[in-house]
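Report on the structure given below.
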Amino acid sequence: MSWCWLFPVVLGVFLAHLLQRLFFPYFWKDFFFLLRLSRYSLKLELFRLTCGVCTVLDRFIQQARRIPDKPFLIYEGRIYTYYDIERRSIILANVFLQKLNVTKGDCVALLMNNEPDFLCVWFGLAMFGCPVAFLNTNIKSKALLHCFNSCGAKTVVVGADLVECLRGIMNNLLRNNIQVLAMTSHCEDTNVKSVLDHIVAAPDKPLPAILRTATSLKSPTLYIFTSGTTGLPKAAVITHLQSLKAAGGFWAFGVTENDVTYIPLPLYHSAASLIGIGGTIELGATCILKKKFSVSQFWSDCRQHKVTVFQYIGELCRYLCNQQKTEMDKVHTVRMGVGNGLRRDVWQEFQRRYGNIKMCEVYGSTEGNLCFMNHIGKIGTVGRSNFFYRLLFKYDLVKYDMMNDKPIKDQDGFCQRVRTGETGLLLSRVSALTPFFGYAGSKQLTEKKLIRNVFVKGDTYFNTGDLMAEDHEGFISFKDRVGDTFRWKGENVATTEVEETLRSVDFIQEVNVYGVEIPGHEGRAAMTSIILRRDVTFDADKFFDMVMELPTYAQPLFIRLQVVMEMTSTFKQQKFHLVKSGFNPSTISDPLYVLDYQLKTYIPLTKSVYQSILCGERKL
């Protein structure tokens, strides 16, 4: 009789397990994933309470003491240990501080391609408390000058291969008292100071730790530029708190110190620098750094270095899938990819071809206060929400009017939530737990990203500018971007920046830039609608020359010549119908042109050219 209680207990456990599997199939995966995130957050808090603020640089120095001889970076076949990078960083810190007039607290801009010295300069400056502004190597002239002004940098460190990029604005830099330091020896230009000339004689003695000590997790450590609806790049403020959270991304997905990570993305973006490099440091792992992504070298690199985890954007995976199939496609050690923008069809094809690699999508903007992580690995989704997540992070999807480019309000002036499965604008609540640090240089830019009085008077939300949908299981899918920004080749394209450049062409009266979908490609390609001045003709060669001043990803691939520009009721240029029309010459009566890089001009977009684009025969 003493065992009579056992049967109902076992039955109860079995029924509870059955109900959980039927109605809450992801309960335990969600629970343990959020438990990992909570452990990491608790560790950060304990560091703060017991040891002060522990930054990413502090974690790197700790790892350099713990595993000095372990390879930290492998670049172009050369191995750099944790000790090597730390020592080089210390030497550069002494050079900047003692020889090149950089002082604690100065903001320093960094214009470099992927290379070991990118990290050494970054870490070296951080060793005596200098915030660093990462500059996108694609931006030029006026946009580059704007970046210096917005972050307040009075010094720029430029890579040896990018010195020429500053020639056109050197006089402007000198007028603004911005010193130019180049990672070269024996600079012929007297306006440029050499960094490497001072390396040999510089001491390798570590600077006092007090110089790098951060007083708050919320103090800025980086400025990372992101394109937005204002047109010119914006300097997103990256605090120690944000960089530490991003550094935990790899760990949260299950990456360990025994993994070898592969980073082919540019370090001036937050994905590569904060998640990739920061994550590698947090784990004490090894990173394979590429100067630039190469589709032909990707898998050979992975096999040679026994890569287990790689970073991606959706376009990268599409390029790999477009390669000719070989018997070696599944011969590799890669087990995981971490990134964003992976389209459902490319995701499926990538796994069919290269094996059951777990693809971990991460959603979040550089400056945003919300992050989704697809820890389940469900194809086509950017993340997953659940009861536990909503307790910590307050976000909502609200109805959005695409025609008028604004949220739909009810009779009381408040936003309206969409129903499950419907597409809506993603808004994230700004609070002490999820702060928004904004942009450097202008309070107006920061304010434009906020929406106030969303559901009740006094509340404040961060406007992501993204249209999302959440299904009945809590999986979240990215649908589109709103406003004046779209993505092409992994970069944000600000239409107003492109329009400002094109308006300087003397035969253009009005210009409207927008993004159009191209079958088989991620994101949207730039297209521009143009109204010509009276009694002038379209000069394709002159237009091409002007377009070449823009970053490659922002150059309009298509042109539509119109007689009248459609406007909204608030006198804004209408993009909705133009986007919907696309670039099909069979359905558009207006003259159309397409960019031809080989001929260095724009040529008429005929039906045959259009078909070659759809078939993938024409390179874009």
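The values are calculated or read from the model by the stated rules, or taken from the named source; none is laboratory data. Note that this is a predicted model, so its numbers are computed, not measured. Methodologically, a virtual Cβ is constructed for each residue, glycine included, from the backbone with ideal geometry; neighbour enumeration extends over all protein chains shown. Only protein heavy atoms, including side chains, enter the accessible area calculation; ligands, DNA and RNA are left aside. Shrake-Rupley method; radii C 1.70, N 1.55, O 1.52, S 1.80 Å.
Remarks
- Estimated at 0.36 nm per residue, the fully extended path between Glu447 and Tyr83 surpasses their Cα-Cα distance by 126.7 nm.
- Residues of the chain: accessible area per residue with a 1.4 Å probe, Å²: 46
- Over region 161-320: Rg over Rh, Cα atoms, Kirkwood Rh: 1.01
- Computed on the chain, with alpha-carbon pairs under 8 angstrom and 6+ residues apart, the relative contact order is 9 percent.
- FRET efficiency estimate (nearest 0.05) - Cβ-Cβ, Asp535 to Asn404, R0 41 angstrom: 0.70
- Bridge type composition, the chain - antiparallel percent by DSSP, nearest 5: 60
- The share of accessible area on the chain that comes from carbon and sulfur is 55 percent, using a 1.4 angstrom probe.
- Estimated FRET transfer efficiency when R0 is 41 angstrom, pair Asp189-Asn356 (beta carbons, to 0.05): 0.15
- Ranked by the mean number of other Cβ atoms within 10 Å per residue, highest first, peptides 301-309, 592-600 order as 301-309, 592-600.
- Electrostatic dipole magnitude of the chain [Cβ: Lys, Arg +1; Asp, Glu -1; Cα centre; debye, to 20]: 1320
- Farthest toward positive dipole pole in region 448-557 [+1 Lys/Arg, -1 Asp/Glu at C-beta], among Phe475, Ser504, Thr528: Phe475
- Distance between region 323-365 and region 160-199 - C-alpha centres, whole angstrom: 41
- Under the criterion of Cα pairs below 8 Å and six or more residues apart, the relative contact order for region 373-430 equals 32 percent.
- Relative contact order of region 71-129, pairs being alpha-carbon contacts under 8 Å that are 6 or more residues apart, as %: 38
- Gyration tensor verdict on region 223-314 (Cα atoms; rounded if a/c is under 1.5, prolate if a/b is larger than b/c, oblate otherwise): oblate
- Given charges at Cβ of Lys, Arg, Asp, Glu: the chain dipole, positive-most of Ile90, Cys151, Gly314: Ile90
- Gain in span if fully extended, Asp459 to Gln611, counting 0.36 nm per residue against the direct Cα distance: 49.7 nm
- Which label in (i) 59, 28, 24; (ii) 42, 37, 22; (iii) 38, 35, 25 gives the computed semi-axes √(5λ) of the Cα gyration tensor in Å: (iii)
- Calculated log₁₀ intensity ratio I(q)/I(0) where the Debye formula runs over C-alpha points of region 324-366, q = 0.22 Å⁻¹: -0.78
- Gained length - Tyr597 relative to Lys394, 0.36 nm times residue gap less alpha-carbon distance: 68.4 nm
- Put Thr537, Thr137 in order of accessible area, highest first, and with a 1.4 Å probe you get Thr537, Thr137.
- Mean residue ellipticity, 222 nm, helices only, the chain: the sum of -39500 (n - 2.57) across DSSP H runs of n ≥ 4, divided by residue count and rounded to 500, is -8500 deg cm²/dmol.
- Cα gyration tensor shape of region 478-575, rounded if a/c is under 1.5, else prolate or oblate by comparing a/b with b/c: oblate
- Inter-label distance, Lys43 to Asn138: 3.4 nm, where each label sits 7 Å from its Cα along the C-beta direction.
- Counting all C-alpha pairs of region 251-402, share separated by more than 24 Å (%): 34
- A simple spin-label model places pseudo-atoms 7 Å from Cα toward Cβ; at Glu549 and Asp590 they are separated by 2.3 nm.
- Spacing of the modelled spin labels on Gln416 and Phe32, each 7 Å from Cα toward Cβ, amounts to 4.3 nm.
- Ordering of 164-173, 459-468, 113-122 by packing is 113-122, 459-468, 164-173, highest average first (other Cβ atoms within 10 Å, averaged per residue).
- Share, in percent, of DSSP beta bridges within region 494-571 that are antiparallel, nearest 5: 65
- Accessible area, probe 1.4 Å, largest first, for residues Thr213, Thr81: Thr213, Thr81
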